[in-house]
Each structure stands twice: as C-alpha cells, then as structure tokens.
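Where a number appears in this text, it was derived from the coordinates with a stated rule and is not lab data. Keep in mind it's a predicted model, so treat the numbers as computed, not measured. Positions of Cβ are backbone-derived with ideal geometry, glycine not excepted, and every protein chain shown enters the neighbour counts.
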Amino acid sequence: MTHADALRVRPAVADDAPLLADWAADMAWETEHKRLDPGTVLAGVAAGIADPLKARYYVAMHDLPLAGRETVGQPVGTLMLTTEWSDWRNGWWWWIQSVYVDPGHRRQGVFAALYRHVREQALAVPDVLGLRLYVEQDNKAALRTYEALGMRDAGYRLLAETFERPAG
C-alpha cells in the first residue's frame, strides 16, 4: 500500500483545534514569516469548527495498520473551506484556505487527497460554481501543486485593508 492509498479525509472535530491552530501558526511562519498569537488562532479555529457557517475544516489522516484489520489514523494535513456568494453568477465559490501538510508527509499526495475530497463535495452541490484559493505569490512549490490539480490563475489581484485590533 502506498502513502496515498493510506490517506482518508474527515471533517475536523473540536479535539482537532489545538493541532490545527499549531499548523496555522506554522503555515503563517513558513509562507509569510508572520508570528501569530496562539490564543487568537486557537479561538479562531475552534470557532470555525463549531460553526459551519464560518468555516469547514477537513483533516487528512494517514492510516497505519495495527494487528488484524484495525488501523490507527495520524493527522498529516488540513484545509479550511469558506464560502463567497456571487451575485454575478447566482452561486457559491468555495474558498480553500489554511492549507497545511505536515513536513514529514509533503510531496506524498496529502493536499491532492484533501483537494479531491472537497472537489467531489463541491461538484455534488448544484449552486457551487467552483473552488478558489489564494497563494503567496512567491510560493512556487504550492503554485505548481495547485496547477497540477487543474487550478489556474483567475486573473485577480488581492487587495486588503487590515484593521489592527486587540487580540482576543
């Protein structure tokens, strides 16, 4: 059995929040050299897991065989979904965010498994227009991965105004 064959994707549960918060902080440091406030990130992840209107999190599990037919799953990656309504198209865009794959499991199909899972779900909902994500412009490895799965540059630039607010 290959690594990819041993992967399954499941919805995140409340007990996953500490790990997903750690991974979010790791991702922010790796991609943007930003240090996040751990308490704020944990509260944000917990709120997202608790309220599917805010976000839906998925966890890729690498199943390891035990004695007999039993297996134990090890979390190896995650992504978060949020939604955006398009009045132009009368449908929903699903946004992939907070992507993280444990360093020891990168380049082994973890993100591809997460992506395929979310894509399958999106295709089953008639008013979902497609999947979108944003990626740090110099993250060449991530760009190659997303393009290999069929994603293309949508032709937009992301602009933002950030409001500095106290943590919490």
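Proximity of backbone amide H atoms, modeled 1.01 Å from N, is registered between Gly91 and Ser86 at under 5 Å, excluding neighbours fewer than 5 places apart on the same chain. Phi-derived couplings, Karplus 6.51 cos²θ - 1.76 cosθ + 1.60 at θ = phi - 60°, listed residue by residue for region 75-86: x, 10, x, 8, 8, 10, 10, 10, 10, 9, 7, 10 Hz, with x used for Gly and Pro.
In order along region 42-55, the phi-based Karplus estimate (6.51 cos²θ - 1.76 cosθ + 1.60, θ = phi - 60°) of 3J(HN,Hα) comes to 4, 4, x, 5, 4, 5, x, 5, 6, 10, x, 6, 7, 6 Hz; Gly and Pro are listed as x.
An oblate overall shape is assigned to region 3-64, the ratio a/c of its alpha-carbon gyration tensor axes (a ≥ b ≥ c) being 1.5 or greater and a/b not exceeding b/c. Alpha-carbon geometry of the chain: the Rg and the Dmax are 16.6, 55 Å, given in that order.
Applying both filters, DSSP loop and at most 12 other Cβ atoms within 10 Å, to the GluC sites (Glu not before Pro) of region 137-167 gives Glu161, Glu164. Protection proxy ranking, highest mean first, for peptides 9-15, 73-79: 73-79, 9-15, where packing is the per-residue count of other beta-carbon atoms within 10 Å, averaged.
Equivalent ellipsoid of region 99-168: semi-axes from √(5λ) of the C-alpha gyration tensor, largest first, are 23, 19, 15 Å.
When you filter the GluC sites (Glu not before Pro) in region 19-109 for DSSP loop state and at most 10 other Cβ atoms inside 10 Å of their Cβ, you are left with Glu70. When only DSSP loop residues count, what chymotrypsin sites (Phe, Trp or Tyr not before Pro) in region 74-124 have their Cβ near at most 15 other Cβ atoms within 10 Å? Passing both the DSSP loop test and the Cβ count: Trp88.
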